[in-house]
Structures are given as structure tokens and as C-alpha cells.
Amino acid sequence: PDQRDQYSMGDPRNSDPPVVRNEEGDGESHTAGFSVNAAIPIHNNSQIYFFGGATHRRMESASLFRRPIDATVIRAIHPDGFLPIIENGIDDVFATAGMRRSVRQWRWDISSTIGGNRFQYDLHDSNNASMGLQSPTDFYIGEQRALQWTNNVDIVGAAKMRNRSINIAAGGEFRIDTYGIRRGDSASYENGGQAILDGTAQGQLAAIGAQGMFGFQPIDEVAASRSSVAAYIDLESRLFPRLLVDGAARAERYSDFGGTIDEKFATRVDLFPGFALRGSIGTGFRAPSLNQSNFATTRSTFVIKDGVAGVYQIRTFPVRTAEAKVLGAQPLEPEQSLSLSAGIVFDRPSL
């Protein structure tokens, strides 16, 4: 129960028994989805295939309760205060279609995959104090979107060279990524210019934007994209009856982060039947995602400084912007890694 006074001094309702005003813990969530997986033979050793799915999720969670005595409350709209409810809508969809074929000791696979995500924000039972009596109580806060389209070709097989069998895998990939932020409705972030209508703070500057969650502004909007192309090869062979070696390399180039070549080498030595040693060394590369590089948001807060009330904007800048650079931000860099592993393999025949 909230023990604080809820109404202005002298209001008899302050003597009412305290009640629970806030909601804690996990919010409410409803999810619906479907998936499909299919393959159709078109020849003795060939088939086309498809798999995909979609999900839709609606979630609700509560912000903090605004008391009717608070300056952020338009009491003519919410005479007993309000508890803002944040509603999220999340949509995920993906689909893959491809064709694969086997010819003797070789197999190839060509596929295309597209996947997307949309994250929408809505706010209910709130107000924008700076809009006075013109404030709505429901707000569209905005949304984030991401899409990825990936195309692959892979070939796997075996070849003979100097009486040794070599397992070969090779392939290529082309990918396009997009990311965007869409602004909310203007009431979710604008300064309506209306002063506080009543109460002890009457006539002072009112808080800007929707209470509970501030909307994405036009300056937050983003429409970013990039492409990448890659190719790889993997060779594996027993150089000697007890020595297996494997080497792989992948070359990749991003339109925004340049190119990289990564390698891996692995080996296994069978010392005697049922006992072997294995080890590997490899490098890795990961380019920052588009939302890491481009996410932006703006918030407004009411501050009293040196006795003077003012509304200040607090903004998260993408590192690429001039403002972020002035503040000392550096461009994001790809992550590079080196991994080493070693192990013992023991196989005891069943008795």
C-alpha cells in the first residue's frame, strides 16, 4: 500500500486507507505463432525445400504510479492519478527456400532466407502535462524494425589425391541488413506549451511528453542498411593413418566495416586404439550490428537548477553523429577473437 498523501493538503481523501498503487514483477504476455517445414522430391537425388514461421506477441507492463498531487498529472483528466501501462507488440517472421542435390560423392545446396522483426511501443492511461486539457491518454511511442536477407551456396564432397581422400566443403554468402526507427505520434514527445493548470505548482512549466515512456522523435528516426559478401573453404584429410588434419578459411567483406580473413586449423592424433589427442586454433570476426551503430533516443526531464525551473532534453547519440564525436565518442570497431582448444579422446569398446 502507498502510504504517501495522494491529494493536496487538507483534502479529506488523504485519510482514506492506503491502497496498492503500483504493479511489480513480470507483466502480462500473450503469444501466438506457427511454423511450417516441407520438402518435395523433384528427382532421384534432388529436392526443393521450405521452412519458416511467424510469431506475434503482445506484452503489458506498468510504469510508476503518478499521484493526483503530482505536477505531472492533469487532474481534470485523471482526478485520482494514473498508472501508465506500456504495451509492446513484437512480430517475428522468417522463411527459407532452397534446393539441394546429391551427385555421387558430392552434395550442393542453394538457399535464400529472409527474416524480420518489428518492435512497437504503445502507452495507455497517461497524459502529456504540457498539453493541458488537450492531452490524449493513449500514445503511439514508435517502433524499431530490422530485416535480414541471406543467400547461400554450399558444396560438400570428397576427392582423391595421391591415394589420400580429401573432404572438401566450400561456399559463399551474400547478405543485406536493414534497421530503422520510426517516430511516435507528436503528442508523445512534444512541448504543448501549457503551464501546470492547478495545484501548488500552478503556472510553472509542465513536464513534456507522455508520462511513463517518451516517444521517439523525428531526430531519432533512422533508416540504415549494409551488405556483406563472404566465401569459405574447408579441407580435411588423414595425412597418415593416425593423423587427421583440418584447415578452413573464410573471407568476408562488409560495406561499412571493410574486409577480414579468418582461419582455423585442427588436428587429431590417434596414439593407440581408443585413445587420441585433439587440438585446434582459430580466429573470429564480428561486425557491430546496425542497431548498435544507429540506435538513438531522446528524453525530456524537468529540473530545478539554482531555483529556476527548466525542461532539459537528454539524448542518446549514435556514435556516427557530430554531437557524439564532440563528446569524445569513437566509431565502433569489429570484434576480433582468437580461440585455442585441446582435448583428450578416450573410447572404451563395449564389453
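The values are calculated or read from the model by the stated rules, or taken from the named source; none is laboratory data. This is a predicted model, so every value here is computed, not measured. FYI the Cβ positions are ideal-geometry reconstructions off the backbone, even for glycines, and counts take in every protein chain you see. Side chains included, ligands, DNA and RNA excluded: accessible areas come from the protein's heavy atoms. Shrake-Rupley method; radii C 1.70, N 1.55, O 1.52, S 1.80 Å.
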Discussion item. Check which residues have an amide H placed less than 5 Å from residue 206's amide H, if you skip close sequence neighbours.
Written reply: 196
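Work out the length of the dipole vector of segment 215-303 about its Cα centre, built from +1 on the beta-carbon of each Lys and Arg and -1 on the beta-carbon of each Asp and Glu, and round it to the nearest 20 debye.
Here segment 215-303 has a charge dipole of around 260 debye.
Could you work out the relative contact order of segment 159-299, using alpha carbon pairs under 8 angstrom and six or more residues apart, expressed as a whole percent? Each step should come with its number before you reach the end.
On the way: 258 pairs, mean separation 33.2, N = 141.
Relative contact order, segment 159-299: 24 percent.
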Fill in: Label assignment, Rg and Dmax of the Cα atoms in Å derived from the structure, set [x] 21.7, 73; [y] 34.5, 133; [z] 30.0, 99
[z]
Worksheet entry | At R0 = 51 Å, FRET efficiency that the Cβ-Cβ distance of residue 8 and residue 38 yields, to 0.05 | 0.15
Worksheet item: In Å², what does the accessible area per residue of segment 110-236 work out to with a 1.4 Å probe?
Response: 48
Fill in: Residue-by-residue Karplus 3J(HN,Hα) for segment 285-294, coefficients 6.51, -1.76, 1.60, Hz, glycine and proline x
8, 9, 7, x, 6, 5, 6, 5, 7, 10
Worksheet entry | Nearest-20 debye value, the chain charge dipole, Cβ charges on Lys, Arg, Asp, Glu | 2140
Fill in: For the chain: relative contact order, % (alpha-carbon pairs under 8 angstrom, 6 or more apart)
11
Response to the item:
The ³J(HN,Hα) series, computed from each phi in segment 126-139 with the Karplus coefficients 6.51, -1.76 and 1.60 at θ = phi - 60°, rounded to the nearest Hz and given as x for glycine or proline, is 9, 7, 10, 4, 6, 9, x, 5, 8, 5, x, 10, 10, 9
Worksheet entry | Of all accessible heavy-atom area on the chain, the percent that carbon and sulfur account for (1.4 Å) | 57
Worksheet, complete the sentence: Excluding residues fewer than 8 positions from residue 160 in its own chain, the aspartates and glutamates with Cα under 13 Å of it are 236
Item to complete: With springs only between Cα atoms under 10 Å apart, run a GNM on the chain and tell me which of 209, 27, 132 wobbles the most.
Response: 27
Worksheet item: Mind listing the phi-derived Karplus ³J(HN,Hα) values for segment 65-75, rounded to whole Hz, using 6.51, -1.76 and 1.60 with θ = phi - 60°, and x for any glycine or proline?
Response: 5, 9, 6, x, 7, 5, 5, 7, 9, 8, 5
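Rule-of-thumb check for segment 53-198: C-alpha Rg over 2.2 N^0.38 Å?
On the way: Rg = 27.2 Å, N = 146, 2.2 N^0.38 = 14.6 Å.
Compactness ratio reported: 1.86.
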Worksheet, complete the sentence: Packing-ranked peptide list from 67-73, 265-271, highest mean Cβ count within 10 angstrom first, is 67-73, 265-271
Worksheet entry | Low-density loop positions, GluC sites (Glu not before Pro), segment 175-241 - DSSP coil, at most 14 other Cβ in 10 Å | 221
